[in-house]
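Undergrad: One structure is given below, represented as structure tokens, and several questions about it will come after.
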Amino acid sequence: MDDTFTLVTGGAGFIGSHLVDALLTDGHDVRVLDDFSTGKDENLDEAWALAAQGGAGLQVMEGDVRDEVRVRDVMDGCGAVVHLAAVPSVAQSMEDPVGCDSVTHGGTVNVVRQAVEAGVQRVVLASSCAVYGDAAQLPIAETTPARPLSPYAGAKLASEEVCMDAADAGQITAVCLRFFNVYGPRQDPGSAYSGVISRFLAAAAAGEPVTLYGDGRQTRDFVYVADVVRAIRAALSRPLVGATVVNVGTGRETDLLQILDVIDERAGRRLERRLEPPRDGDIRHSCADARRAGWVLGWEAVTPLAAGLAHTWAWFSGGYGAEVATWRFPPGGRDGE
Ligand code: NAD
Ligand code: UD1
């Protein structure tokens, strides 16, 4: 990375705001482009405080990643782009496929095109393990054929192709990071489309029932947001050429009932489960083969799920000042605890 701005689209969102904090802490000037559709002003409170300390500059621009003129202006003076803005919900994409594709794929077309025009060197794309669909074998390596099951997954795969085409033409270096299921503080639990851990922890904090779509035995590879931020920073700074596709996950799978069991123990009561049919487009099992991230980015996830959940629970139940108690999975459960 050079000394110019790093543009973070979707920088007021969950993952984006943690990335902005980390880049500013490292002394990089950051520009955020966000339409605040799911992003929030308060997610950037920490970033403004860091910028006020004087080490690095922060600019926050409101706008839509599909707006050609806006994105052209925002790209000026940027050395790298981390493109996170998207409609991030599989379920929402089943209900509004056109809207999802427009923002997620259409936005990427515009961002990459304007990046090329502006001479930006590197584009890091937030892709998703959703592109694999229901893989025949776990863990899932990058060589596994993509079989998207939802418009969201299709839009992410198409977004990767946009990045790769530009990289193949020698116009940018592209790093497509296939995030598995990211969780942590600031994940918005506020809609039925929100990430499952944020939904469960918010319900536990409010003493409300949780909704289980299906039997709860579906598995995910849950990766803590601070680990994901380290992967993005490695993708920005490693000496790479052309196009690279990398899984960002822990290599461990956990089902929803295991997560609920540890939340129950922590909450001191059994959360009421409301059972609903499985959601359309839902993947049954997911788990990363994350070895390539080690080879290419020098990265591996280091936060055990129990520790990540403890920090996330502390945030949901009392903000950053809350005490972080130790959480444990039952013997033989995840993390071998
Ligand atoms: P988020 O909703 O918190 O962040 C998305 C951000 O993009 C928000 O700030 C939103 O306001 C902004 N945005 C949406 N549409 C926009 C538009 N048209 N123009 C400008 N800004 C717009 O979600 P997140 O979980 O932080 O996800 C970030 C990225 O990571 C997304 O691309 C998502 O698909 C991807 N991803 C997330 C996960 C996960 O588990 N959270 C997993 C895989 C991939
Ligand atoms: C999530 C991300 C998506 C990412 C993908 C990678 C969100 C909103 N979605 O999608 O951006 O690309 O991981 O795998 O961050 N569930 C419940 N109850 C709830 C909510 C969800 O049972 O209240 C179930 C869902 O039906 C699903 C599982 O939990 O089976 C995970 O759902 P969700 O957190 O939405 O994640 P993904 O759909 O995997």
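Undergrad: Restricting to the range 289-299, name every residue that is under 29 Å from Pro151 (Cα atoms) and either touching a Pro at 6+ places or on another chain (Cβ under 6 Å) or free of Cβ contacts under 8 Å to residues at least 24 places away in the same chain (or both).
TA: Residue satisfying the conditions is Asp289 alone.
Undergrad: Does Val241 qualify as being among the aliphatic types (A, V, I, L, M), in contact (Cβ under 8 Å) with a residue 12 or more places away in the chain and either within 16 Å of ligand 2 (Cβ to nearest atom) or in contact with a Leu (Cβ under 7 Å, 6 or more places away or on another chain) (or both)?
TA: For Val241, the condition - among the aliphatic types (A, V, I, L, M), in contact (Cβ under 8 Å) with a residue 12 or more places away in the chain and either within 16 Å of ligand 2 (Cβ to nearest atom) or in contact with a Leu (Cβ under 7 Å, 6 or more places away or on another chain) (or both) - is not met.
Undergrad: Taking the condition of being surrounded by 15 or more Cβ atoms within 10 Å (Cβ to Cβ) and over 19 Å from Trp299 (Cα atoms), how many residues in the range 212-228 meet it?
TA: Total satisfying the criteria: 6.
Undergrad: Could you tell me whether any residue of the range 30-48 is within 21 Å of Cys129 (Cα to Cα), within 13 Å of ligand 1 (Cβ to nearest atom), at pLDDT 95 or above and of a type in the set (Phe, Trp, Tyr)?
TA: The answer is no, given that none of the residues of the range 30-48 is within 21 Å of Cys129 (Cα to Cα), within 13 Å of ligand 1 (Cβ to nearest atom), at pLDDT 95 or above and of a type in the set (Phe, Trp, Tyr).
A quick yes/no check of all residues on (1) modelled with pLDDT under 95; (2) assigned to a helix (DSSP H, G or I); (3) surrounded by fewer than 17 Cβ atoms within 10 Å (Cβ to Cβ); (4) away from ligand 2 (no atom under 16 Å from the Cβ):
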site: Met1; (1), (2), (3), (4): yes, no, yes, yes
site: Gly11; (1), (2), (3), (4): no, no, no, yes
site: Gly55; (1), (2), (3), (4): yes, no, yes, yes
site: Val69; (1), (2), (3), (4): no, yes, yes, yes
site: Gly79; (1), (2), (3), (4): no, no, no, yes
site: Ala86; (1), (2), (3), (4): no, no, no, no
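Undergrad: Out of the range 174-187, which residues are more than 10 Å from ligand 1 (Cβ to nearest atom) and in contact with a strand residue (DSSP E or B) (Cβ under 6 Å, 6 or more places away or on another chain)?
TA: Ala174, Val175, Cys176, listed by residue number.
Undergrad: Condition check: surrounded by fewer than 21 Cβ atoms within 10 Å (Cβ to Cβ), touching a helix residue (DSSP H, G or I) at 6+ places or on another chain (Cβ under 8 Å) and among the hydrophobic types (A, V, I, L, M, F, W, C). Does Ala231 satisfy that?
TA: So Ala231 fails the test.
Undergrad: Report every pair of residues separated by at least 6 positions or lying on different chains whose Cβ atoms are under 8 Å apart, first residue within the range 80-105 and closer than 14 Å to Val131 by Cβ, second in a strand (DSSP E or B).
TA: Within 8 Å, the pairs are Ala86/Ala126.
Undergrad: Here's something else I'd like to know. Only one of Leu260, Leu275 is surrounded by fewer than 12 Cβ atoms within 10 Å (Cβ to Cβ), hydrophobic (A, V, I, L, M, F, W, C) and in contact (Cβ under 8 Å) with a residue 12 or more places away in the chain. Can you tell me which?
TA: Leu275
Undergrad: In this structure, is Val74 at pLDDT 95 or above, among the aliphatic types (A, V, I, L, M), near ligand 1 (Cβ under 8 Å from one of its atoms) and out of contact with any helix residue (DSSP H, G or I) (no Cβ under 6 Å at 6 or more places or on another chain)?
TA: Criteria not met by Val74.
Undergrad: Within the range 132-169, track down each residue that is among the acidic types (Asp, Glu) and without any contact (Cβ under 8 Å) to a residue 12 or more places away in the chain.
TA: Glu161, Asp165
Undergrad: Determine, yes or no, whether Pro145 is at negative phi, out of contact with any His (no Cβ under 8 Å at 6 or more places or on another chain) and surrounded by fewer than 18 Cβ atoms within 10 Å (Cβ to Cβ).
TA: Here the answer is yes, as Pro145 does meet what is asked.
Undergrad: Among the residues of the range 22-33, is there at least one that is within 15 Å of ligand 2 (Cβ to nearest atom), out of contact with any Gly (no Cβ under 7 Å at 6 or more places or on another chain) and in contact (Cβ under 8 Å) with a residue 24 or more places away in the chain? Reasoning before the result, please.
TA: Within the range 22-33, the first condition is being within 15 Å of ligand 2 (Cβ to nearest atom), and the residues that meet it are none.
No, the range 22-33 contains no residue that is within 15 Å of ligand 2 (Cβ to nearest atom), out of contact with any Gly (no Cβ under 7 Å at 6 or more places or on another chain) and in contact (Cβ under 8 Å) with a residue 24 or more places away in the chain.
The values are calculated or read from the model by the stated rules, or taken from the named source; none is laboratory data. A quick note: this is a predicted structure, and the numbers were derived from the prediction, not measured. Reconstructed Cβ throughout: ideal geometry from the backbone, glycine too, with neighbour counts over all protein chains shown.
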